[in-house]
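The values are calculated or read from the model by the stated rules, or taken from the named source; none is laboratory data. Not measured: the values here are computed from a predicted model. FYI the Cβ positions are ideal-geometry reconstructions off the backbone, even for glycines, and counts take in every protein chain you see.
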């Protein structure tokens with residue numbers, strides 16, 4: 001592995017961690033930059049999925065005390081048990097779709113043109129939902145109903161299309177079902193844990209025997225960088241969206257998608 005390759009892995013890892021929990025599509029951004037860097041092999045696509053484990057550890061670190069409290073409450077608190085069941089119910093649709101459609105997703109949808117299009121369309125959807133005067137009946141992410149958890153999980157399946165954004169889909173879905181902006185963002189954190197862990201485990205099982213020593217080293221660099229950047233975002237995002245909403249992220253999506261499409265037209 002050369003120094004340039006290591007620096008690219010570091011930069012891509014920082015980008016993954018910085019964008020994983022905001023509704024701009026971390027995978028979409030990685031695909032665009034990998035295309036710019038000429039990184040379009042199967043190992044590069046696997047890299048984009050496996051470094052998400054760094055972001056998983058970031059959110060586990062930030063929420064460890066709360067998760068531990070929920071775990072201790074399970075034997076005697078029905079609300080804690082319902083929340084855990086709710087997260088699993090929300091996770092299930094994406095797990096099924098991800099397993100069944102993995103080859104199609106990696107082989108067809110990991111395309112810069114798809115990413116740019118979905119970034120732009122998703123940006124306008126996020127902007128519309130952010131500006132809409134939606135009812136906010138749910139202020140606590142751990143107190144949604146089971147049908148609401150399942151509905152959010154179904155909507156999350158749209159994020160199988162790179163550029164849609166896993167956090168963006170869950171946030172929009174939760175807000176449309178009556179969650180406050182803060183509660184919607186927080187539940188996207190909770191749902192990220194099993195979803196990203198599942199994607200990481202499945203991809204590792206499918207690809208571990210195809211990875212070289214250099215591939216493993218680059219994944220390790222990206223993993224650490226994603227952890228550091230992800231921890232910073234998790235600790236600051238809820239306060240930001242409670243005050244400012246998601247407009248900044250919507251416009252960021254539209255600008256990045258527009259610039260990406262223009263570059264594809266100009267340079268192929």
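The figures follow:
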read-out: Residue, modelled with the highest pLDDT, within the range 199-230, restricted to residues that are surrounded by fewer than 14 Cβ atoms within 10 Å (Cβ to Cβ) and in contact with a helix residue (DSSP H, G or I) (Cβ under 8 Å, 6 or more places away or on another chain); value: 212
read-out: Residue within the range 86-96 that is buried (at least 17 other Cβ atoms within 10 Å of the Cβ), touching a helix residue (DSSP H, G or I) at 6+ places or on another chain (Cβ under 8 Å) and within 19 Å of residue 207 (Cα to Cα) present; value: yes
read-out: Check on residue 172, touching a helix residue (DSSP H, G or I) at 6+ places or on another chain (Cβ under 7 Å), outside any helix (DSSP H, G or I) and either surrounded by 24 or more Cβ atoms within 10 Å (Cβ to Cβ) or free of Cβ contacts under 8 Å to residues at least 40 places away in the same chain (or both); value: no
read-out: Matching option when the condition is touching a helix residue (DSSP H, G or I) at 6+ places or on another chain (Cβ under 6 Å) and over 30 Å from residue 2 (Cβ atoms), among 121, 126; value: 126
read-out: Residue among 106, 119, 100 that alone is without any contact (Cβ under 8 Å) to a residue 60 or more places away in the chain, closer than 21 Å to residue 45 by Cβ and assigned to a helix (DSSP H, G or I); value: 100
read-out: Residue check, residue 141 closer than 16 Å to residue 171 by Cα and surrounded by fewer than 17 Cβ atoms within 10 Å (Cβ to Cβ); value: no
read-out: Residue among 233, 259 that is under 21 Å from residue 11 (Cβ atoms) and exposed (fewer than 14 other Cβ atoms within 10 Å of the Cβ); value: 259
read-out: Residue 121 vs. criteria at pLDDT 95 or above and either surrounded by fewer than 18 Cβ atoms within 10 Å (Cβ to Cβ) or over 24 Å from residue 52 (Cβ atoms) (or both); value: yes
